[in-house]
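Only one structure is covered here, and it is reproduced in the block below.
Values in this text are rule-based calculations from the coordinates and carry no lab data. Note that the coordinates shown come from a computational prediction; the quantities given were computed from them, not determined experimentally. Every residue, glycine as well, gets a Cβ built from its backbone with ideal geometry; the counts of neighbours run over all protein chains shown.
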Amino acid sequence: MMELFKKWFSRPRPEKQIAVDVELDGLHPSHIIQLSYLIIEGKRVRGKNFYFRARAINRYARQVHGLSVSDLRRLSGGQTLADRAEEVYNDFKDCSMVIGHDVAGDVKYIRRELAQYGYKLPPLPVFCTLKHYTEEAHIPRKDNPKLIKPPKLVELTQYFGLSEEFIARKCHRWYGEGGDHPHDARYDAAAAYLVMLVGEKLPCPK
């Protein structure tokens, strides 16, 4: 696996990469209520952030992201993912790599919801910061210190010396507003991207 990524990063920079994070309503099945991603094309980085209205939100999910039904009604302007499906599909369909923390789950939700509106994403290569840096971060499990656990995103940002203030500044630059704390999808997408850049010793776009 390491050789695969070494070959990947030794090639000329892919035409377009996307760093992504989603927040969910926590229901069964879960639906996306916030979708944030960075479109990375060479040295150019631009962010997109969407909120989608929800009929209900699981209380445990709300404890994580802090979004309520009334918040989403206001922030979304009444929009659902159906209103943005074509735009999201067009952004992702020709992406050369999707970056994120436990990113396979995010892509699964995006793929499933887009399919409901007739948009089928092709297979997309992913860079998962959770899986890629588990060995390097080497965080012992509390119940058995002889074993290591998959790191949380905040643990990786701390490991790589990325402060919340620095990540928030990048969010403001790339998204224009918001993203000033963990579990805002803008913050988490930017944090995963920055972790990858530091971890792979890649230059950080302004």
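Key figures
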| item | result |
| --- | --- |
| FRET E, pair E177, E86, Förster distance 25 Å, beta-carbon r, rounded to 0.05 | 0.55 |
| Rough spin-label spacing in nm, given labels placed 7 Å along Cα→Cβ, for F166 and Q116 | 3.9 nm |
| Segment K206-I139, length gained on full extension (0.36 nm per residue, minus Cα span) | 21.0 nm |
| Ranked I99, I148, criterion: other C-beta atoms within 10 Å, fewest first | I148, I99 |
| Spin-label model distance (nm) - R44 vs K108, 7 Å beyond Cα toward Cβ | 3.4 nm |
| Residue of D143, D25, D94 that the Gaussian network model of the chain assigns the largest fluctuation, springs spanning Cα pairs under 10 Å | D143 |
| With 5 Å bins from 0: P(r) over the chain, alpha-carbon pairs, percent | 1, 7, 15, 19, 20, 17, 11, 6, 2, 0 |
| The chain: most fluctuating residue of T129, T157, T80 per GNM, C-alpha cutoff 10 Å | T80 |
| Proximal aspartates and glutamates relative to K170, as straight alpha-carbon distance under 18 Å, when same-chain residues fewer than 8 apart are discounted | D21, E41, D180, D184, D188 |
| Whole-Hz ³J(HN,Hα) from phi, Karplus 6.51 cos²θ - 1.76 cosθ + 1.60, for region 72-78, glycine and proline x | 5, 4, 6, 5, 7, x, x |
| Rounded to 5, the percent of DSSP beta bridges in the chain classed as antiparallel | 75 percent |
| Simple Cβ-charge dipole of the chain, Lys/Arg +1 and Asp/Glu -1, about Cα centre, in debye nearest 20 | 200 debye |
| The chain: most fluctuating residue of Q63, Q17, Q79 per GNM, C-alpha cutoff 10 Å | Q63 |
| Residues of type lysines that K108 reaches as a straight line, Cα spacing below 22 Å, ignoring anything fewer than 8 places off in the same chain | K16, K48, K93, K120, K131, K152 |
